[in-house]
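Below is one structure, written out as structure tokens; comments come after it.
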């Protein structure tokens, strides 16, 4: 099947919906961490999502592990997934959520770079590179005031956030290279939550005491949002997209998540005013995405025919 070089409006709408859900996620993690340990929440999220996926897989009659090599690859992506979210959840205890949005969403750069070297037919062209730079410039414009206040107090969380972004990009490339053509999106998501749950809960048991200090209605909603809406439903849609479209195009749309995150977390959840730089950031991100999706014109006259992948 030919790899699409741009996205139609249907996947764009879906990706924007995912960005809205993910944009609210860190605020709800912050809320839930008032009464639950960060690693415990991350592990519980993977456990609940894994059980939901197991039921879904059984109902559809899908085989969990088509071969032994799939078990190995599933374990690798599960540990990478668990490591990524262990870093995210713990980092939010040390740094600001706004700073985390910038650092975690460096993932498109790691994914695009990895895809360029390890995935056939997903190369970085000038338009794609320029679009990614412009979009990320919009994200930096949004957080320009915060990025100037780096300190030793936030440095551990900042480094964990950047590492989480690298792991996210690496996991996406690994999935595309080793699992996309061997199993279904439902299976790839199951491997990540299935293998990450015991890893995260073991870390919580070792380093968090108490794991739960209370459980209010707000905490219950936070956990429901993380387990069902994010880890189960939204990730299932995301991995379906990974199986169908180039990694670098998909990750480009993740630039909307930090922008939506500030709007949802700040304006709607925390009551913070919407600043002008939010609108500026949205403009830059939109321009960047247009550039990423642009199909370069190819002149055929007076030139010998070349293979598309040459």
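Tell me, what is the percent relative contact order of segment 9-293, built from C-alpha pairs under 8 Å that lie six or more residues apart?
Computed over segment 9-293, the figure is 41 percent.
Between segment 200-221 and segment 53-75, what is the C-alpha centre distance in whole Å?
28 Å
Per the Cauchy relation, a quarter of the hull surface: what is the mean projected area of the convex hull of the alpha carbons in segment 9-293, in nm²?
Orientation-averaged projected area of the Cα hull: 14.9 nm².
Rounded to whole Å and sorted largest first, list the principal axis extents of the Cα atoms in segment 33-110.
43, 33, 18
Using the 2.2 N^0.38 Å rule of thumb for compact globular proteins, work out how segment 90-206 stacks up: its C-alpha Rg over that value, please.
Values: Rg = 16.7 Å, N = 117, 2.2 N^0.38 = 13.4 Å.
Compared with the compact-globule rule of thumb, segment 90-206 sits at 1.24.
Going by average Cβ density within 10 Å per residue, which order do the peptides 224-232, 211-219, 119-127 take, highest to lowest?
Ranked from most to least packed, the peptides come out as 224-232, 119-127, 211-219.
Can you sort 244, 63 by how many other beta carbons sit within 10 Å, fewest first?
Listed from fewest to most nearby Cβ atoms, that is 63, 244.
How far is it, in nm, from the label point at residue 280 to the one at residue 209 when both lie 7 Å from their Cα along the line to the Cβ?
4.9 nm
None of the figures in this text is laboratory data; all of them are computed from the coordinates on show. Given the structure is predicted, the values throughout are model-derived calculations rather than measurements. Counting neighbours? That spans all protein chains shown, and the Cβs are built from the backbone with ideal geometry, glycine included.
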